[in-house]
Amino acid sequence: MQPAIYRFEFDEPVSMTDVETTLHLAVLGAEGLFGESSVRMDGAYSIDEPRRVCIVDARNEVGRSICQLFTGYLAKELGPDAFRVRPARQASRAPVPAKQAAA
C-alpha cells in the first residue's frame, strides 16, 4: 500500500466545528502514541470549511495514525454515512503542520 493524502468530504447537516474538534481529538491521540514533538514535525492537515472538506497527510506513520483515528472517531460520532474519505489526487490546500493548524 502506498502512503497518501486523504480527502474527507462532509454532508451538509454535519457541523464543521464538530469535524475540527474531532480532528483535534485525533491529533491528541497521535500525541499519546508518538509524542508531541513527532506530531508537531510529522502531522499535517487542513480544513476547508466552505467546501466542507478536510485533508489529512498520511504519507508517514504519524499522519496515517491521525487519519485512522479521525476516520474511526467520525464514524462513531457522526455515523459512517455522514462523510466520505478517499485518497486525494491533489490537495486543494496544502496540509499544514498539526500544531500550527490547531493554533
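The values are calculated or read from the model by the stated rules, or taken from the named source; none is laboratory data. A quick note: this is a predicted structure, and the numbers were derived from the prediction, not measured. Note that each Cβ is placed from the backbone with ideal geometry, even for glycine, and that neighbours are counted across all protein chains shown.
Below, the figures for the structure above:
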quantity: Count of the stretch 34-84 residues which are within 29 Å of E12 (Cβ to Cβ) and assigned to a loop (DSSP other than H, G, I, E, B); calculated: 9
quantity: Subset of the stretch 73-101 [within 12 Å of the chain's Cα centre (by Cα), over 19 Å from R51 (Cα atoms) and at pLDDT below 95]; calculated: P97, A98
quantity: Failed item, numbered, when T21 is tested on (1) of a type outside the set (D, E, K, R); (2) without any contact (Cβ under 8 Å) to a residue 60 or more places away in the chain; (3) part of a loop (DSSP other than H, G, I, E, B); (4) within 17 Å of G79 (Cβ to Cβ); calculated: (3)
